[in-house]
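As structure tokens, the structure follows; a few thoughts come after it.
The values are calculated or read from the model by the stated rules, or taken from the named source; none is laboratory data. Every value quoted in this text rests on a predicted model; they were computed, and no experiment measured them. Using ideal geometry, Cβ is built from the backbone for each residue, glycine included, and neighbour counts are taken over all protein chains shown. Heavy atoms of the whole protein, side chains included, go into the accessibility calculation; ligands, DNA and RNA do not. Shrake-Rupley method; radii C 1.70, N 1.55, O 1.52, S 1.80 Å.
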Amino acid sequence: MRPGEFVAFIAALMAVNALGVDLMLPALADIGHQLGIATANHRQWIITAYMLGFGAGQLVYGPLADRYGRRIILLVTLTGFVAASIFAAGSQTFAALLGARVLQGLMSASTRVLAVAIVRDRYSGRQMARTLSVAQMIFFLVPIMAPSLGQVLLQFGPWRFIFYALAGFAAFVLAWSVTRLRESLPVERRSPLSFASLRQAYTLTLTNRYSAGYAVAASMTFGGIIAFVSSAQQIFVDEFHAGERFTILFAVCAFSMGCASFANSRLVERLGTRLISQAAVLGLIALSVVHIGVIAAGSESLWTYMLFQALSMTCIGLCGSNFGAMAMEPVGHIAGTASSIQGFITSVGAVIVGSLIGQSYNGTTYPLAIGYLAIGLGVLAVVYVVEGGKLFHAHHKA
């Protein structure tokens with residue numbers, strides 16, 4: 001693929017996962033009503049179950065991709081995602097739907113692992129961060145459009161149509177992979193699938209403080225995204241009574257992350273991953289403190305929430321691809337396995353963080369603001385330890 005098509009393809013891989021999370025947001029109330037889900041907070045498990053499967057699946061695909069290559073693993077798992085989506089569309093109970101969602105997550109986990117590994121096969125350092133930022137800029141258009149697309153689908157049929165649409169998009173990416181994707185890992189660079197090689201790769205990934213540390217930092221910021229997505233409908237519809245504007249308001253917050261990724265793609269090679277991401281963490285902390293003050297003063301409104309949420313998502317967007325690039329930099333020679341391990345840490349950690357914040361929803365935005373402050377302080381502490389107490393300090397041009 002030429003560079004433009006390559007970036008678009010990586011973005012499409014990422015979009016499979018983004019659609020899996022965001023496309024059904026407008027349908028959560030309908031799903032809850034039809035399947036007898038007791039409370040609004042319980043509906044969040046439709047998102048959380050997917051993310052649990054997504055996190056767990058990443059442990060498997062990296063070693064397999066390092067042994068057998070990227071392409072064959074991608075083809076098999078995209079086929080599995082199509083099947084899981086059809087199964088979800090036919091679910092008659094909440095338990096069956098959660099099972100299908102876990103299976104969807106397990107299959108889509110390959111898209112995260114392989115997207116990073118395929119990019120790492122071609123690029124490294126700031127160039128890798130720039131490529132991921134451009135792909136994520138396109139990828140972030142998906143959350144902007146997904147709820148609106150989900151709302152349109154609901155105009156033509158029940159919530160089950162949404163899962164058929166997911167199957168259709170995954171089938172499109174599968175066809176693109178079959179016809180256009182070449183194997184990016186030469187046979188001579190493939191690793192044997194053995195206990196000794198896995199132990200060596202796991203040890204290297206988990207003991208390198210940049211690899212493990214920035215994966216943990218990424219998990220915290222990703223947790224902020226999950227917390228927002230899980231509770232967005234409750235906040236906009238139940239608290240601010242803005243259900244008719246839900247898709248637009250959600251899109252504004254997602255658009256702020258897209259803008260952050262675009263800015264990062266333009267600036268990262270000049271300013272570096274550390275300067276940008278660490279400044280963004282400090283910005284998230286400052287925003288959260290002010291937001292908590294606004295809520296405590298009784299001055300919170302839909303528009304103050306939108307302002308702080310959009311700015312907070314901007315800060316989170318400036319962290320994601322940079323943390324990922326820095327985590328991958330010292331383990332590029334085992335990119336598939338390392339991406340699996342880091343992805344597992346990031347996704348499962350994010351589910352824990354996001355669920356703690358989301359399940360704390362009490363009819364106000366206060367738990368989300370407190371959660372974002374805790375995320376910012378936690379990330380700052382991790383980065384401080386990883387960097388040996390030297391913030392804003394360039395390292396190997398990363």
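For H393 and W303, calculate 0.36 nm times their separation in residues minus their Cα-Cα distance, and state this gained length in nm to one decimal. Present the calculation step by step, with values, prior to reporting the outcome.
Values: separation 90, 0.36 × 90 = 32.40 nm, distance 3.67 nm.
That pair, H393 and W303, stretches by 28.7 nm at full extension.
Using a 1.4 Å probe, what is the accessible area per residue for segment 194-390, in Å²? Intermediate values should be presented prior to the final figure.
Working: 7170 Å² over 197 residues.
With the other protein chains kept in place, segment 194-390 gives 36 Å² per residue.
On the full set of protein chains, 1.4 Å probe, figure out the accessible area of D238 and give it in Å² to the nearest 10.
So the heavy atoms of D238 present about 80 Å² to solvent.
Along Cα→Cβ, 7 Å out, is where each label goes; now give me the distance between the ones at L154 and A8 in nm to one decimal.
3.1
So how much accessible area does M145 have, in Å² to the nearest 10, using a 1.4 Å probe?
Result for M145: roughly 110 Å² accessible.
Within the chain, which complete DSSP H helices have Cα atoms spanning at least 27 Å along the helix axis and a mean Kyte-Doolittle hydropathy of 0.0 or higher? Don't jump to the answer; show the numbers that get you there.
Details: long enough: 3-22 (28 Å, 1.42); 45-68 (34 Å, 0.60); 70-89 (29 Å, 1.73); 94-122 (42 Å, 0.96); 160-180 (31 Å, 1.31); 209-233 (37 Å, 0.80); 246-271 (37 Å, 1.16); 273-296 (35 Å, 1.79); 302-328 (39 Å, 1.11); 335-358 (32 Å, 1.35); 366-386 (30 Å, 2.09).
Helices meeting the span and hydropathy rule in the chain are 3-22, 45-68, 70-89, 94-122, 160-180, 209-233, 246-271, 273-296, 302-328, 335-358, 366-386.
Relative contact order for the chain using alpha-carbon pairs under 8 Å, separation at least 6, rounded to a whole percent? Present the calculation step by step, with values, prior to reporting the outcome.
Numbers: 661 pairs, mean separation 111.9, N = 398.
Relative CO of the chain lands at 28 percent.
Within segment 222-237, whose backbone N sits under 12 Å from a point 7 Å along Cα→Cβ of Q359?
Label zone hits: none.
Among S277, A146, S288, flag the residue with its Cα farthest along the positive direction of the charge dipole of the chain, charges on Cβ as +1 for Lys/Arg and -1 for Asp/Glu.
Positive-end residue among those listed: S277.
Looking only at trypsin sites (Lys or Arg not before Pro) in DSSP loops with at most 12 other Cβ atoms within 10 Å, what is the longest site-free stretch of the chain?
Here the longest segment lacking exposed loop sites spans 183-389.
Determine by what factor the alpha-carbon radius of gyration of the chain differs from 2.2 N^0.38 Å, reporting the quotient. Let's see the in-between values first.
On the way: Rg = 19.9 Å, N = 398, 2.2 N^0.38 = 21.4 Å.
Cα Rg divided by the expected 2.2 N^0.38 Å: 0.93.
Could you please put D121, D30 in sequence from largest to smallest accessible area, using a 1.4 Å probe?
Most to least solvent-accessible, the answer reads D30, D121.
Cα centroids of segment 4-47 and segment 141-202: how far apart, whole angstrom?
14
Test of understanding: what is the full-extension gain from I86 to R189, defined as 0.36 nm times their sequence separation minus their Cα-Cα distance?
Working: separation 103, 0.36 × 103 = 37.08 nm, distance 3.66 nm.
Once the chain is fully extended between I86 and R189, it gains 33.4 nm.
Diagonalise the Cα gyration tensor of segment 78-125 and give the resulting equivalent ellipsoid semi-axes, square root of 5 times each eigenvalue, largest first, whole Å. Before the final figure, lay out each step's value.
On the way: eigenvalues 186, 17, 5 Å².
Listed largest to smallest, the semi-axes of segment 78-125 are 30, 9, 5 Å.
From largest accessible area down, sort C319, C259; use a 1.4 Å probe on the protein chains. Can you show the working numbers first?
Values: C319 5, C259 60 Å².
Ranked from most to least accessible, the order is C259, C319.
With a 1.4 Å probe and all protein chains in place, put E387, E269, E329 in order of accessible area, largest first. Numbers along the way, then the final one.
Details: E387 15, E269 95, E329 55 Å².
Ranked list, largest accessible area first: E269, E329, E387.
State the Cα centre-to-centre distance between segment 230-275 and segment 338-360 in whole Å.
Comparing the Cα centres of segment 230-275 and segment 338-360, I get a distance of 19 Å.
Answer with one residue from G320, Q44, A297: the one whose Cα lies farthest towards the positive end of the charge dipole of the chain, charges on Cβ with Lys, Arg +1 and Asp, Glu -1.
Result: G320.
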